[in-house]
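See below for the structure under consideration.
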Amino acid sequence: MRFDTIIRNGTVATASDTFVCDIGIRDGRIAALSTGLEDADEVIDATGLFVLPGGIDSHVHLDQPSGDGIVMADDFDSGTRSAAIGGNSTVLAFCMQEKGQTLREALKVYHEKAEGKCHVDVAFHLVITDPTPEVLGQELPALVEDGYTSLKVFMTYEGLRLRDDQILDTLDAARRTGALVMVHCENEDAIRYLIGRHEEEGKFAPKYHATTRPIPAEREATHRALSLAEIVDVPIVIVHVSNREAMEEIRRARQRGQKIAGETCPQYLMLTADDLDRDALEGAKYVCSPPPRDKASQDACWEGLEQNVFDLFSSDHCPFRYEDVHGKLNEKGKRHFRWIPNGIPGVATRLPILFSEGVMKGRITLNQFVAQTATNHAKLYGLYPRKGTICVGADADLALWDPNRQVTITNDILAHGSDYTPYEGVEVRGWPVRLFIRGNSVMESGAMVEEAPSGHYLSRQRSSLVSKPA
Ligand code: DUC
Ligand code: ZN
Ligand code: ZN
């Protein structure tokens, strides 16, 4: 067979195996895995490199409205470019329903935002903020059939949060339709109470973002979300887990027999609440929710990855500029932590951080890395086996990694719209040096090489966690 491209002699890793072989690519798909492949338009020597499935980042915020004068630092152009620079071939972004808006209207807005701008393949999770009987009973079933098979609900943030009865209704709709529900677990009432107390005491600095969103607020909401899912008998994903207590809730629910998934993120391995207490207002750069905790929590999150309590390692990329009146240092945010927009950039740094700190330091295996950064995302969000693995017939989404490339992370190499990275100066070993998406070379040595943005929208199957409704 003649191939378009052969990637020769790389060390190929999947979620289960590691082996040296050639990969033959034809018409955007993997057509052969073998040794001694010949006959191609282009042959790439990958000797000494790892050939991994392109990263799938299933938790990315792009071009979302973020309240009064606040502007997210990445649209679909810059955000997906940054994703590619960091070795990702697919991102799952959020489509946020405004109150009173139908889900179809929201999707139209986000498809327009993304159209023609994406440098990697993209799919959407729905965010349900207004779970009316029409939304849950009529729109959602049709949208799940149309390939929008996951949704997120919030237990915090005024304007976004759902009450328990609304969460139950949403979970029940998910059970009936076969959608997978992601839950942001923090107790809004407890946070409001603590913000009130902080205000009485004149505590307004960025570091108080962390003390008003303490571990019990996350633990309680995690327990409640899991209990509600148990009552409804539906799988859920607990996203962005920051600490041991929330993680142990996941472990216990699994032991009870619940079908659930857990996610953690780089910020919970690399940052602590002390970062929010940096000089002057610099702490604003690290404000995200749930907030980073302490060293023991970092260790717990590592344990959760090592022991596969967490299925997913995602960025929760939610970027704002720092020195910008439309970003972290907006007028109100400078005076009170509660107006600092929540979120940090991280779509480009997710994979190098886990590769370096996890694989190279022996905390997780290369196969776990592939599972937690690509394969499990594809399975849980209905893209497998087209995405997330290396097998004949799959899309040729391949990242070539140089395990010996040492890089000092600096903001200028990440190609995102934010004016900072929380990981400035962090040294990593291992870097994605080339990326193919559907067989096209899109990134080489840290630069985009595609002629034009060529990312596709991906319609999805139901999650591997969900049993198909009757
Ligand atoms: N939740 C997220 O999932 N991302 C950023 C901010 C937030 O609160
Ligand atoms: Zn969230
Ligand atoms: Zn998020």
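Roughly how big is the stretch 17-162's charge dipole about its Cα centre, with Cβ charges of +1 (Lys, Arg) and -1 (Asp, Glu), in debye to the nearest 20? It would help to have the intermediate numbers written out before the result.
Working: 10 positive and 25 negative charges, 100 e Å.
Computed about the Cα centre, the dipole is about 480 debye.
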TODO: With all protein chains present, calculate the accessible area of residue 309 using a 1.4 Å probe and round the result to the nearest 10 Å².
DONE: 10 Å²
TODO: Enter the angle in degrees (range 0 to 90, nearest 10) between the Cα long axis of helix 164-177 and the first principal axis of the Cα atoms of the chain, meaning the one along which they spread out most.
DONE: 30 degrees
- [ ] Report the antiparallel proportion of the DSSP beta bridges in the chain as a percent, rounded to a multiple of 5.
- [x] 45 percent
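Roughly how many percent of the accessible protein surface of the chain is carbon and sulfur, given a 1.4 Å probe and a whole-percent answer? Intermediate values should be presented prior to the final figure.
Details: 8020 of 17160 Å².
Heavy-atom surface of the chain belonging to carbon and sulfur, 1.4 Å probe: 47 percent.
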Open item on the list: Show me the ranking of peptides 262-268, 197-203, 291-297 by mean Cβ neighbours inside 10 Å, starting with the highest.
Closed with: 262-268, 291-297, 197-203
Open item on the list: Relative contact order of the stretch 292-351, please, whole-number percent, based on alpha carbon pairs below 8 angstrom and at least 6 residues apart.
Closed with: 31 percent
Task: Accessible area of the chain divided out per residue, in Å², using a probe of 1.4 angstrom - done: 37 Å²
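Could you work out the relative contact order of the stretch 317-399, using alpha carbon pairs under 8 angstrom and six or more residues apart, expressed as a whole percent?
Details: 76 pairs, mean separation 13.1, N = 83.
Computed over the stretch 317-399, the figure is 16 percent.
Using Cα pairs closer than 8 Å and at least 6 residues apart in sequence, work out the relative contact order for the chain, in percent. Display every interim value, and only then the final one.
On the way: 1135 pairs, mean separation 104.3, N = 470.
It rounds to 22 percent for the chain.
Using helices alone, what [θ] at 222 nm do you get for the chain, with -39,500 (n - 2.57) per DSSP H run of 4 or more residues, divided over all residues and rounded to the nearest 500? Working shown, then result.
On the way: 14 runs with 125 residues, N = 470.
Calculated mean residue ellipticity at 222 nm is -7500 deg cm²/dmol.
Hey, got the dipole for the stretch 302-382? About the Cα centre, +1 on K and R Cβ, -1 on D and E Cβ, debye to the nearest 20? Please list the in-between numbers first.
Numbers: 10 positive and 8 negative charges, 63 e Å.
The calculation lands at about 300 debye.
The values are calculated or read from the model by the stated rules, or taken from the named source; none is laboratory data. Because the structure is predicted, anything quoted here is derived from the model rather than measured. Ideal geometry is used to build each Cβ from the backbone, glycine not excepted, and the neighbour counts take in all protein chains shown. For accessibility, only protein heavy atoms count, side chains too; no ligands or nucleic acids. Shrake-Rupley method; radii C 1.70, N 1.55, O 1.52, S 1.80 Å.
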